[in-house]
Amino acid sequence: PISMRDSDLVVSVAGDVLFDSGQISIKSGAKTTLNRVADLLNGQFAGYEVRIEGYTDTDPIKKSKWASNEHLSFERANAVEKYLIGRGVNTKRMYSAAFGPDRPRGSKSESRRVEIVVLGN
C-alpha cells in the first residue's frame with residue numbers, strides 16, 4: 001500500500017511477501033513489486049531522496065543468526081536498497097534505516113515490513 005507521512009510518500013511492502021522468516025534474501029515473487037517501485041523511483045520520483053526503512057515484530061531473535069531485531073531490520077532494508085540499485089536507482093539517492101520493533105502495526109505480521117519512503121514530496 002502507498003500512503004503519505006507528512007510530506008513523504010510511503011510504499012509499504014509486507015515482510016512476509018519479501019522474505020522468509022529470519023532471512024534477508026528477497027523472494028522471487030516479491031521482485032515484481034520491487035521492479036514497479038524501481039520504475040516509480042526512476043520515473044515520476046527521479047529527483048527525490050529515498051529512505052529504505054526496515055521493521056520487525058517484537059518477538060526476540062532466537063533461531064536466526066541476527067543479534068537483534070534492529071540488526072535483522074537493517075539487513076532487510078539494505079537488501080531492498082541493493083535490489084533497487086540493481087534496477088537502476090542511483091545509490092547516492094538512497095539510504096537504509098533500521099527501526100526493528102519500533103512503530104508496530106496492528107499485528108505481528110503487519111509490523112514485519114519494509115517501507116520505501118520518498119522524502120519531501
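Only the coordinates and a few stated rules stand behind these numbers; no lab work does. Keep in mind that this is a model prediction, so the values were computed, not measured. Here the Cβ is made from the backbone with ideal geometry for all residues, glycine too, and neighbour counts use every protein chain on show.
Find which of A98, S25, F45 sits farthest along the positive direction of the dipole of the chain, computed with +1 on the beta-carbon of Lys and Arg, -1 on that of Asp and Glu, about the Cα centre. Checking the options against the dipole of the chain, the answer is S25.
Would you mind counting up the charge near N42? Only other residues with Cβ under 12 Å from its Cβ, with Lys and Arg at +1 and Asp and Glu at -1. Please report the intermediate quantities before stating the final value.
Details: positive: R36, R87, R93; negative: D39.
Value of the local net charge: +2.
Per the Debye calculation on segment 57-121 with a single equal scatterer at every Cα and no solvent contribution, log₁₀ I(q)/I(0) for q = 0.17, 0.23 Å⁻¹ amounts to -0.66, -1.01. Taking a Cβ cut-off of under 13 Å around I26, the surrounding Lys, Arg, Asp and Glu residues balance to a net charge of +1, with basic ones at +1 and acidic ones at -1. Each 10 Å bin from zero up to the one holding the largest Cα-Cα distance in the chain carries the following percent of pairs: 14, 49, 30, 6, 0.
Within the same chain, lysines fewer than 8 places from K65 are excluded, and of the rest, those with a Cα less than 27 Å from its Cα are K27, K31, K82, K108.
With the simple spin-label model, which puts each label point 7 Å out from Cα in the Cβ direction, the K31 to R87 separation comes to 1.1 nm.
Farthest toward the positive end of the dipole of the chain, out of G88, M4, S68, is the Cα of G88, where the dipole comes from beta carbon charges about the Cα centre.
So how strong a dipole does the chain carry about its Cα centre when Lys and Arg Cβ are +1 and Asp and Glu Cβ are -1, to the nearest 20 debye?
Details: 18 positive and 15 negative charges, 66 e Å.
Dipole size: approximately 320 debye.
Considering every alpha-carbon pair of segment 4-73, the percent of pairs per 10 Å bin, from zero through the bin containing the longest distance, is 16, 43, 30, 10, 0.
If Lys and Arg each add +1 and Asp and Glu each add -1, what is the summed charge of the other residues whose beta carbon sits under 14 Å from the beta carbon of G106? Once all neighbours under 14 Å are counted, the net charge is +3. Placing +1 on each Lys and Arg Cβ and -1 on each Asp and Glu Cβ, with no other charges, gives segment 22-63 a dipole about its Cα centre of roughly 240 debye. In the elastic network of the chain, a GNM with C-alpha springs shorter than 10 Å, the most mobile of A98, A67, A38 is A67.
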